[in-house]
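K.L.:
Right, I'll just put the structure down here and ask away after.
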Amino acid sequence: MRILRAVDRARVYLPLRAVLRFMRLSPSRFHAWRRRQSACALDDQSSCPRTSPYRLTPREVRAIEDMVTSPAYRHVPTGTLAVLAQRLGKVWASPSTWYRLVRQNGWRRPRLRVHPARPKIGLRTTRADEMWHIDTTVIRLLDGTRVYLHAVIDNFSRRILAWRVADTFAPVNSVAVLLDASRAAAPSDTAPVVLADAGVENVNAQVDELIHTGVLRRVLAFTELKFSNSMIEAWWRSLKHQWLFLHSLDSVTTVRRLVAFYVDEHNRVLPHSAFRGQTPDEMYLGTGATVPADLRARAAAARRARVKANRSASCETCPTVDAAA
């Protein structure tokens, strides 16, 4: 390479660093070109080992790979494995060298954890007011104070049956939302089952007294039932990240107003993906049975209109179609 020859000629009169600075060439780039120029003919070497005699030999690299990928050492951290290899007399290399080789070569430690099978689909009911989910979430205001949001959601329709925003954490709020939900529920021979976690807001004297009246039945998630209370927790995530956190939460009044808007949108306006276009209100009240078929028919009509519009479009370069044909 002509640049390397020019550097070699200039080094007779100037230091290498000055020459490289004048040519605007970094030392790392210069030495990389120099190593590439003197490529090694050995099959297992990328460059001549004489130029870097302190680097690991291919035998040592293979020994590191064997220990990293061996199931016999899968319980040993990589840094500890580097020291263990020295004590076993296999490889003398620093832990940072081990980490670098693992990263560069993509070696995977045999540490695939065996997880128990988890249900892909949670609890699903067949009618409205068969099972409710109740939970409480904490919302932090701009001044650092906390607001507590209690809500009850219907399992069948995903409809928010009742909710309450309070500035204090009190068990009476859980009782209040359960009573509001029971008053709005349709008359039934069986009392709704309330799925709740074992928090103090759901397991207390006030809630126990309400359960003993027979209006509701309570089941504790992960205590009396192996399923979690994930349905209402998923709604918490949607409420917070898709709506509440987009506003300045400066007071309890603001949070109450924002939650009221989102609950109305969720129940009445927004179709749920699990219901083929129906909203939670339509599922809960049974008024949206014709929505899926109507959407399918309108989708087919839209496809036909799209095909017709695309076929009718033409320009000067489009081939002409003989009308008689």
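The values are calculated or read from the model by the stated rules, or taken from the named source; none is laboratory data. Quick caveat: nothing in here was measured; it's all calculated off a predicted structure. All Cβ positions, even for glycine, are placed from backbone atoms using ideal geometry, and neighbour counts span all protein chains on display.
K.L.:
Taking into account only those residues within segment 108-124 that are over 12 Å from D66 (Cα atoms) and surrounded by 10 or more Cβ atoms within 10 Å (Cβ to Cβ), which is modelled with the highest pLDDT?
P.N.:
Ranking the candidates gives R124 first.
K.L.:
Mind counting the residues in segment 181-200 that are surrounded by fewer than 15 Cβ atoms within 10 Å (Cβ to Cβ), under 20 Å from D281 (Cβ atoms) and either among the hydrophobic types (A, V, I, L, M, F, W, C) or at pLDDT 80 or above (or both)?
P.N.:
Total meeting the criteria: 3.
K.L.:
Any residue at all in segment 221-233 that's modelled with pLDDT of 70 or more and of a type in the set (A, V, I, L, M, F, W, C)?
P.N.:
Checked against the condition, which is being modelled with pLDDT of 70 or more and of a type in the set (A, V, I, L, M, F, W, C), segment 221-233 yields at least one hit.
K.L.:
Out of R237, R276, R256, which single residue is in contact (Cβ under 8 Å) with a residue 12 or more places away in the chain and either in the same structural domain as P187 (by TED's automatic domain parsing) or small (G, A, S) (or both)?
P.N.:
R256
K.L.:
When N105 is evaluated against the numbered criteria (1) surrounded by fewer than 20 Cβ atoms within 10 Å (Cβ to Cβ); (2) within 24 Å of V269 (Cα to Cα); (3) without any contact (Cβ under 8 Å) to a residue 60 or more places away in the chain, which criterion, by number, is the only one it fails?
P.N.:
The failed condition is (2).
K.L.:
Just one of the numbered conditions (1) at positive phi; (2) assigned to a helix (DSSP H, G or I) is not true of R158; which one?
P.N.:
R158 satisfies every listed condition except (2).
K.L.:
Right, another one. (1) at pLDDT 80 or above; (2) part of a helix (DSSP H, G or I); (3) out of contact with any helix residue (DSSP H, G or I) (no Cβ under 6 Å at 6 or more places or on another chain): which one isn't true of D143, the others all being true?
P.N.:
Result: D143 fails condition (2) only.
K.L.:
Among the residues of segment 133-163, how many are closer than 13 Å to P280 by Cβ and surrounded by fewer than 20 Cβ atoms within 10 Å (Cβ to Cβ)?
P.N.:
The number of residues fulfilling the criteria is 1.
K.L.:
Go through segment 1-66 and tell me which helices (runs of 4 or more DSSP H), entirely inside it, have 2 or more residues that are at pLDDT below 85 and under 30 Å from A82 (Cα atoms).
P.N.:
Here the list reads 27-37.
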